[in-house]
Each structure stands twice: as structure tokens, then as C-alpha cells.
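Since the structure comes first, as C-alpha cells, the remarks are kept for the end.
The values are calculated or read from the model by the stated rules, or taken from the named source; none is laboratory data. Owing to the predicted nature of the structure, the values given are computational and were not obtained by experimental measurement. Every residue, glycine among them, receives a Cβ derived from its backbone with ideal geometry; neighbour counts consider all protein chains shown. Accessible surface areas use protein heavy atoms only, side chains included; no ligands, DNA or RNA. Shrake-Rupley method; radii C 1.70, N 1.55, O 1.52, S 1.80 Å.
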Amino acid sequence: MERPTLTRIRRARPSVPAEAGVEPRVRIAELQAHDLTWIHVERPGPLEAHALAERFGFHDLDVEDVLSKRQRPKIDEYPNYLFVVLHFPKYDKAIQRLNAAEVDLFLGPDFLVTLPNVELLPVSRLFSRCENDEELRAELFAKGSGYLLYHVLDDLFDYCFPILDKMAHKLDAIEDELFEGRSEEIVRDISNAKQEVIAYRKIIKPERSTVRLLERYTQRFLREDLEVYFDDIVDATERIWDLLDNYKEVVEALEETNESVISHKQNDVLRMLTLIATVMLPLTLVTSVFGMNVLFPGESTSAAFWAILGVMVTALIGMVGFFRWRRWF
């Protein structure tokens with residue numbers, strides 16, 4: 001969306017900690033070719049953000065957004081440039097969770113500034129390749145800033161698909177373990193897979209509308225014959241969303257199936273315990289009757305003992321035979 005023109009307010013810069021006697025160094029990597037400049041800064045701090053703002057005339061609100069850690073995907077349009085915030089999934093090995101990595105982009109007629117808040121390998125690798133390969137740099141830079149932005153975003157969205165492939169492989173492994181009879185052991189695996197799908201969907205869902213808007217906003221920085229390229233980016237986001245929808249249905253089906261298997265096993269155990277208790281009931285009744293402190297025929301004789309034992313065995317065989325006939329076990 002386009003922000004209203006505001007009077008620029010000069011604010012005091014925050015102090016940047018530095019060692020005594022050592023000037024803080026601005027960490028800005030820069031490439032130039034065909035009158036186009038690409039600036040790449042990983043984890044930008046106040047020093048880099050204010051230096052870029054002074055050089056290109058970025059709005060103070062954009063500088064605040066770059067330094068903020070809670071920005072949603074969006075596009076802000078200005079007369080001389082676009083400010084874009086996008087999120088991409090990144091696996092955090094420390095906590096073993098999928099988190100959102102933010103990249104802030106400034107796109108102008110003769111410059112592109114990429115500011116990821118963490119290292120995003122597709123961007124850093126493309127920047128390194130352009131730095132080391134002059135032919136590639138000339139090819140990408142010669143068609144303008146919009147075409148260069150397309151390649152940056154194309155690599156970033158291509159980076160999303162291997163993560164989806166790993167999620168699919170994990171779901172296949174859970175399904176195999178489920179039918180191998182390990183339902184109790186994979187409850188945590190299903191929960192982790194479900195959390196990953198949910199986290200991925202939270203990243204991509206607001207991104208879809210932003211990418212569609214980006215296709216329209218970037219036309220001013222693209223030649224007419226290159227406008228079709230951003231359709232590929234929109235298609236990539238839709239393919240990712242469709243896969244996530246499928247994974248959501250799969251993981252929910254696996255969760256329901258696993259709960260059914262566990263419930264079925266518990267029912268089997270309860271049925272077996274019920275059968276055992278039912279079989280023991282007449283035996284308990286016989287022993288209770290003959291265990292009373294009263295006189296009965298044949299008391300204190302071995303014949304009475306064997307007679308009582310015969311009644312108990314007959315009752316046991318009869319109950320088991322009846323249950324087998326009814327196919328209750």
C-alpha cells in the first residue's frame with residue numbers, strides 16, 4: 001500500500017556498542033554492473049540500516065520495520081522505490097522447530113537491497129555466485145532490478161520445496177511405523193509433524209496475497225517482455241500451499257488412524273480382562289459356597305474335594321466353549 005508523504009524527522013541514532021578506540025564498521029556487501037547496484041546485508045543492525053537510509057533516502061518508518069522483529073509480509077510503495085517484507089521457513093536445529101525467517105527488500109530503478117534477519121542460503125549463495133562469476137552478474141544485472149529480484153525470490157521459493165520433501169518423507173515413515181504396530185511410539189512423531197505443517201502454513205498463508213500484489217507493483221521496474229516472470233513466483237506459492245493442504249489432511253488422517261489403533265488395542269485388552277473375570281465368576285461362586293462354615297455331604301473327605309474340583313473344571317470348560325462358540329475371543 002502507498003504511505004502518505006510525511007515530513008522526515010531527524011532522530012538521534014542509537015549508540016552502537018564498540019570496543020574502546022575501535023570505530024564500528026558498517027557491514028555492507030555491494031555488487032555493481034550495468035548501472036545496477038545489489039546490496040546484501042545479513043542481520044542488519046542500526047548502523048547498516050541508517051547508512052542505507054541516508055544513501056537511498058529510505059523512509060524512517062521503513063528503517064524501523066527493518067530493525068523490528070515482528071513484521072508481517074507486506075508491500076509499501078513510494079515514488080522512488082518499493083519496500084517489501086517476506087517470510088520464508090527456516091529449520092532451527094537448536095530447538096528442532098520450523099521458524100519464519102524474515103527478509104526485507106528495497107527495490108528501486110537502479111538498486112536492490114536485500115536484508116535478511118538470519119542467514120538465508122539461497123540469497124547469500126546467489127550473491128556469492130554473482131560476485132565470483134562476472135558473466136552471471138552481467139546476465140542478471142543487465143535486465144534491470146525487477147529481473148534481479150525475480151531471481152532472488154525464485155531461489156528462495158525453490159528453497160522451500162526441499163523442506164516440503166522432508167516433511168513428506170517423514171509422513172511416509174510415520175505411516176510405515178503405524179502399520180508395523182508401533183502406534184504408541186509414534187504419537188510424538190505425529191505431533192511434531194503436525195506442528196511443522198501448522199508452522200509452515202502460518203508462514204505461507206499471509207505470503208500468498210503479498211506475492212500477488214508484488215506481481216503488480218514490480219511492473220514499473222520490469223520490461224514488458226519480463227512481466228510474465230513473476231507469474232512463476234505466484235505459481236510457486238500456490239504449489240507450496242496446495243502441498244501443505246495435502247500434508248495437513250495426511251497428518252490429520254494419520255492422527256485419527258493412530259488413535260483408532262490405540263483405542264482398538266485398549267478395547268482388546270478390556271475384552272480379554274472381562275472374559276477372564278467372567279470365567280472366574282462361577283469358579284469363585286463354587287469355592288465360596290463350599291467354603292462356608294457349614295456341614296455338607298462328604299465334608300472333610302477326598303471324594304468331596306475331587307467332586308468340587310470336577311464341578312469347577314466342568315464350569316470352566318463350559319464357559320470357554322460357550323465364548324468360543326460365540327467368537328468372543
Calculated P(r) of the stretch 258-329 - Cα pairs past 13 Å, %: 73 percent
How long are the three semi-axes of the equivalent ellipsoid for the chain, computed from the Cα gyration tensor as the root of 5 times each eigenvalue, in whole Å, largest first? 74, 22, 16
Quickly work out the Met292-to-Ala277 label distance, labels modelled 7 Å from Cα along the C-beta direction, and quote it in nm with one decimal. 2.5 nm
The convex hull of the Cα atoms of the stretch 208-307, divided by residue count, gives a volume in Å³ per residue of 123 Å³
Calculate, for the chain, the solvent-accessible area per residue in square angstrom, rolling a 1.4 angstrom probe over the heavy atoms of the protein chains. 60 Å²
By what distance, in whole Å, do the Cα atoms of the stretch 94-209 stretch along each of the three principal axes, largest value first? 60, 27, 26
Honestly the stretch 102-143 on the Cα gyration tensor test (a ≥ b ≥ c root eigenvalues; a/c under 1.5 rounded, otherwise a/b vs b/c for prolate or oblate) is just oblate
Long-range amide H partners of Val118 with built H, under 5 Å: Arg43, Glu102
Cleavage-rule hits (GluC sites (Glu not before Pro)) in the stretch 245-329: DSSP loop, at most 12 neighbouring Cβ within 10 angstrom: Glu299
Ranking Leu149, Leu67 from most to least accessible area with a 1.4 Å probe gives Leu67, Leu149
Trypsin sites (Lys or Arg not before Pro) within the stretch 227-329, DSSP loop, no more than 16 other Cβ atoms inside 10 Å: Arg326, Arg327
Helix axis angle, 46-56 relative to the chain longest principal axis, alpha carbon, degrees: 40 degrees
Using Cα atoms only, what is the angle between the long axis of helix 121-132 and the major principal axis of the chain, expressed in degrees (0 to 90) to the nearest 10? 30 degrees
Go through His151, His34 and list them by solvent-accessible area, largest first, probe radius 1.4 Å. His34, His151
Under 23 Å from the Cα of Lys170 - lysines, other chains or at least 8 residues apart: Lys90, Lys93, Lys194, Lys202, Lys205, Lys248
Just in the stretch 79-177: which trypsin sites (Lys or Arg not before Pro) are loop by DSSP and have at most 15 other Cβ atoms within 10 Å? Lys93
Subtracting the Cα-Cα distance of Asn99 and Asp235 from 0.36 nm times their residue separation yields 46.7 nm
In the chain, what percent of the accessible surface is made up of carbon and sulfur (1.4 Å probe, ligands and nucleic acids excluded)? 54 percent
